[in-house]
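Visitor: Following this message is one structure expressed as structure tokens.
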Amino acid sequence: MDARILVLGAGFGGLELATLLSEALGDSAGVTLIDGNDAFVFGYAKLDVMFGRETLEEVGLPYASFAKPGVRFLRETVTAIDPDGLRVTTDAGVHQADVLVVALGADYDFEATPGLVGGQHEFYSVGGAEHLREVIHGFTAGRAIVGVCGAPFKCPPAPSEAALLLHHHLVERGVRDACEIALVMPFGTPVPPSPDTSAALLAEFAERGIEFVPDRRVSSLDPARRVAVLDDGAELEYGLFLGVPKHRAPDVVLASGMAEEGYVPVDSRTLETRFPNVYAVGDVATVGVPKAGVFSEGAARVVAASLLARLRGDAPPPAYDGRGGCYIEFGGGRVGKVDVDFLSGPKPTGTFRAPSSELVAEKRRFGSSRRARWFG
């Protein structure tokens, strides 16, 4: 393949895209995959780290183990993107592409929530999850708040999972009766596209004494007074705060001129941006689907199929269907799942599968299959 394909970001979308092109084209794939991190971490693994089920070393998958024919991995930090010129500058040099795929994910806008400190009050960064492990272990009494600071955010079920896992953790330690748990979320229900999933979660909250505060977000924190201020001005005291920070595209994407209202708009059928030969997949893009790894992976498949069809002179592949499933931890080793279709009908629809041992095994296979596929 003569085209130089430059993929920015080695998350679900970037890893799957590079793997698909390598499988189809072998040594002639012509892919350069760039990421500034040294390891990949599944988003759900941060909950395992936060609750002490696994260490950061155990969940990290080093990019040094990613080796595919026709793919060159570079650990570099992207410092500038020129979508018109298909040119990318990193801390190590300049890369010219024929096809550019932006898969840099979503970053956290800590400054948007005064008082929220990255790595201390939130569990969405790896450092934050690791820090809160020790904080949670020392929490024995008072109110714990799982607080969402803005939408959209990655992995929509994660705040509900955090509240349920915290309940189970406190029960195991024998201190639950001395603690309160509140979940603050800017939605009317925990998982709006799936009423059945939301109903199941709300029933779990009620049974476990978890307060659900709907249609509200945390607008600021006052760590000195240990108070979370909501967007309606209400104040909630806390002894433990587990935050979901506001998200937005990385600074380098915002500076490139590709973004609108914080993210890169794309054609939801093809993932093409308004710039010729530039695609955006995953959390960095506005597609109409949740910001979750499985949806990034599905988008990457569409881009790979489109590039291969162009190479071979074939008809364009089917449009992106916006379908995916998210596993949901209910605590006590129980795992449920919601399968959602966002784009094929007039409105999103979701199907709930109640927690079961089969889903525990299925989630385990989901992770292990991707480890094997991407990292060998």
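Visitor: Would you check if Gly325 is small (Gly, Ala, Ser), in contact with a helix residue (DSSP H, G or I) (Cβ under 7 Å, 6 or more places away or on another chain), free of Cβ contacts under 8 Å to residues at least 40 places away in the same chain and more than 26 Å from Arg4 (Cβ to Cβ)?
Guide: yes
Visitor: Then there's this: Only one of Ala319, Ala304 is open to solvent by less than 20 Å² (accessible area, probe 1.4 Å), out of contact with any strand residue (DSSP E or B) (no Cβ under 9 Å at 6 or more places or on another chain), aliphatic (A, V, I, L, M) and touching a residue at least 12 places away in the same chain (Cβ under 8 Å); which? Spell out how you get there, then give the answer.
Guide: Values: Ala319 fails: open to solvent by less than 20 Å² (accessible area, probe 1.4 Å).
Within the list Ala319, Ala304, the selection yields Ala304.
Visitor: Which of (1) open to solvent by 10 Å² or more (accessible area, probe 1.4 Å); (2) assigned to a helix (DSSP H, G or I) does Pro152 not meet, given it meets every other one?
Guide: Going through (1) open to solvent by 10 Å² or more (accessible area, probe 1.4 Å); (2) assigned to a helix (DSSP H, G or I) one by one, Pro152 breaks only (2).
Visitor: Now a separate question. Quick check on this structure: which one of Leu201, Leu166 is in contact with a Pro (Cβ under 6 Å, 6 or more places away or on another chain) and open to solvent by less than 60 Å² (accessible area, probe 1.4 Å)?
Guide: Matching residue, one of Leu201, Leu166: Leu201.
Residue by residue, here is whether (1) under 16 Å from the mean Cα position of the chain (by Cα); (2) open to solvent by 30 Å² or more (accessible area, probe 1.4 Å); (3) at pLDDT 95 or above holds:
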position: Pro265; (1), (2), (3): no, yes, yes
position: Leu271; (1), (2), (3): no, no, yes
position: Phe275; (1), (2), (3): no, no, yes
position: Val284; (1), (2), (3): yes, no, yes
position: Ala299; (1), (2), (3): yes, no, yes
position: Gly332; (1), (2), (3): no, yes, no
position: Gly376; (1), (2), (3): no, yes, no
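Visitor: For the range 1-114, which helices (runs of 4 or more DSSP H) that fit wholly inside it have 2 or more residues that are open to solvent by 50 Å² or more (accessible area, probe 1.4 Å)?
Guide: Of the helices (runs of 4 or more DSSP H) lying wholly inside the range 1-114, those with at least 2 residues that are open to solvent by 50 Å² or more (accessible area, probe 1.4 Å) span 56-59.
Visitor: If you don't mind, another one. Of everything in the range 288-307, what is in contact with a helix residue (DSSP H, G or I) (Cβ under 6 Å, 6 or more places away or on another chain) and farther than 17 Å from Val264 by Cβ? Give them in sequence order.
Guide: Gly293, Glu297, Ala304
Visitor: Right, next: Suppose the filter is of a type in the set (A, V, I, L, M, F, W, C) and touching a helix residue (DSSP H, G or I) at 6+ places or on another chain (Cβ under 7 Å); does Val175 pass it? Explain how you work it out, then say what you get.
Guide: Working: of a type in the set (A, V, I, L, M, F, W, C): yes; touching a helix residue (DSSP H, G or I) at 6+ places or on another chain (Cβ under 7 Å): no.
Considered against the rule, which asks whether it is of a type in the set (A, V, I, L, M, F, W, C) and touching a helix residue (DSSP H, G or I) at 6+ places or on another chain (Cβ under 7 Å), Val175 comes out as no.
Visitor: Now a separate question. Taking the conditions exactly as written (open to solvent by less than 60 Å² (accessible area, probe 1.4 Å), closer than 28 Å to Ala162 by Cβ, assigned to a loop (DSSP other than H, G, I, E, B) and out of contact with any strand residue (DSSP E or B) (no Cβ under 7 Å at 6 or more places or on another chain)), does Gly288 satisfy them or not? Full working, then the answer.
Guide: Working: open to solvent by less than 60 Å² (accessible area, probe 1.4 Å): yes; closer than 28 Å to Ala162 by Cβ: yes; assigned to a loop (DSSP other than H, G, I, E, B): yes; out of contact with any strand residue (DSSP E or B) (no Cβ under 7 Å at 6 or more places or on another chain): yes.
Considered against the rule, which asks whether it is open to solvent by less than 60 Å² (accessible area, probe 1.4 Å), closer than 28 Å to Ala162 by Cβ, assigned to a loop (DSSP other than H, G, I, E, B) and out of contact with any strand residue (DSSP E or B) (no Cβ under 7 Å at 6 or more places or on another chain), Gly288 comes out as yes.
Visitor: When you look at Glu180, is it part of a strand (DSSP E or B) and open to solvent by 30 Å² or more (accessible area, probe 1.4 Å), yes or no?
Guide: The answer is yes for Glu180.
The values are calculated or read from the model by the stated rules, or taken from the named source; none is laboratory data. Owing to the predicted nature of the structure, the values given are computational and were not obtained by experimental measurement. Positions of Cβ are backbone-derived with ideal geometry, glycine not excepted, and every protein chain shown enters the neighbour counts. The accessibility values were calculated without ligands, DNA or RNA, using every heavy atom of the protein model including side chains. Shrake-Rupley method; radii C 1.70, N 1.55, O 1.52, S 1.80 Å.
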